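K.L.:
This is the structure I want to talk about, given as structure tokens.
The values are calculated or read from the model by the stated rules, or taken from the named source; none is laboratory data. If you're wondering where the values come from, they're calculated on a predicted model, not measured in any experiment. When we count neighbours, we look across all protein chains shown, and the Cβ atoms used for this are built from the backbone with ideal geometry, even at glycine. SASA here: full protein model, heavy atoms, side chains in, ligands and nucleic acids out. Shrake-Rupley method; radii C 1.70, N 1.55, O 1.52, S 1.80 Å.
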Amino acid sequence: MSKIAKLFKGSSSSSSSSSSKSKHHRSRGGPSPQEAIHKLRETEEMLTKKQDYLEKRIEQEIMIAKKNGTKNKRAALQALKRKKRLEQQLTQIDGTLSTIEFQREALENSNTNTEVLKNMGFAAKAMKQVHENMDIDKIDDLMQDITEQQDVAREISEAISGPFGETFDEDELMAELAELEQEELEDSMKSMGGLPSVPSSKLPSARPSHRTTTKKRVEDDDDMRMLASWAT
């Protein structure tokens, strides 16, 4: 068996043992979302630092290629080859960072949704517990009692705000007031010397009345003279 085969066999056995250990560890309980997010952030920071390092190395290789371009073409070509390999690594790191960033964001969103659902479930349980202590029949009775008490309060308010004492018919009072005003008007006309009312029967003339008075006076004089003669 070649050394390479032995190496892969050993690595596969070690990986299988490590995978079995990791499976056993996961069976006990996997990492929390916060721990996984923290690990992903650490990986992002590490890859970002490696990006900076590779970019500096690429700039250095470009400077070497420029320096040896006319003096030592072999050294310049080697520098360009190293630059190409570094650029390939940089491209791979960019793709890896994009994948890690996507996974971290998805994990953060899942963690947020999990927390939201957990809190909503907690609130639902609390609401259910509150409603369990409520009786619909009792609520209906309570609302009916409240309505009745409101009606009683309204009746009391109307009784308090209503007129106190005896009540009179307003139409009768207005009619009596009109009569009083008419009497007052008539009294005012009399006090101001108003025209006398015209009698309905025809008055006798003054001349016949004077004749009657004169005739009666003559008769009285005759009677007096007769009495005087008898006395003598």
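K.L.:
Just add up the charged neighbours of T48: K/R +1, D/E -1, any other residue whose Cβ is under 12 Å from the Cβ of T48. Please list the in-between numbers first.
P.N.:
Numbers: positive: R41, K49, K50; negative: E42, E44, E45, D52, E55, D94, E101.
The answer is -4.
K.L.:
Would you rank K71, K83, K50 by solvent-accessible area, highest first, keeping every protein chain in place and using a 1.4 Å probe? Working shown, then result.
P.N.:
Values: K71 170, K83 25, K50 100 Å².
Ranking K71, K83, K50 by accessible area, largest first, yields K71, K50, K83.
K.L.:
Still on this model: Please list the equivalent ellipsoid semi-axes of the range 33-121, computed as the square roots of five times the alpha-carbon gyration tensor eigenvalues, in descending order and whole angstrom. Each step should come with its number before you reach the end.
P.N.:
Numbers: eigenvalues 398, 17, 9 Å².
Equivalent ellipsoid of the range 33-121: 45, 9, 7 Å, largest first.
K.L.:
Next question. In whole Hz and in residue order, list the ³J(HN,Hα) couplings for the range 90-100 that follow from phi through the Karplus curve 6.51 cos²θ - 1.76 cosθ + 1.60, θ = phi - 60°; x for Gly and Pro.
P.N.:
Karplus values, whole Hz, x for Gly and Pro: 5, 5, 4, 5, 4, x, 5, 4, 4, 5, 5.
K.L.:
What pairs in K39/K128; K49/K84; K50/K118 have C-alpha atoms more than 31 Å from each other? Can you show the working numbers first?
P.N.:
Numbers: K39/K128 39 Å; K49/K84 19 Å; K50/K118 39 Å.
Among K39/K128; K49/K84; K50/K118, the Cα-Cα distance tops 31 Å for K39/K128; K50/K118.
K.L.:
Let me ask another. Rolling a 1.4 Å sphere over the protein heavy atoms, what is the accessible area per residue of the range 33-121, to the nearest Å²? Write down the numbers at each step before the final one.
P.N.:
On the way: 6740 Å² over 89 residues.
Averaged over the residues of the range 33-121, the accessible area is 76 Å².
K.L.:
A follow-up question, please. Between K84 and K125, what is 0.36 nm times their sequence separation minus the Cα-Cα distance? Round to one decimal in nm.
P.N.:
Details: separation 41, 0.36 × 41 = 14.76 nm, distance 6.10 nm.
Result for the pair: 8.7 nm of gain on full extension.
K.L.:
Heads up, I need the accessible area for D135: 1.4 angstrom probe, whole protein in place, Å², nearest 10.
P.N.:
Here the accessible area works out near 60 Å².
K.L.:
T91 accessible area, nearest 10 Å², 1.4 Å probe?
P.N.:
90 Å²
K.L.:
Still on this structure, I have one more. Evaluate the distance, in nm, between pseudo-label points positioned 7 Å from the Cα of I136 and of A175 along their respective Cα→Cβ axes.
P.N.:
6.2 nm
K.L.:
For M134, tell me the accessible area in Å² from a 1.4 Å probe, rounded to the nearest 10.
P.N.:
That residue has around 100 Å² of solvent-accessible surface.
K.L.:
Additional query: With an 8 Å Cα cut-off and a minimum separation of 6 or more residues, compute the relative contact order for the range 33-121 in percent. Before the final figure, lay out each step's value.
P.N.:
Values: 49 pairs, mean separation 33.6, N = 89.
Computed over the range 33-121, the figure is 38 percent.
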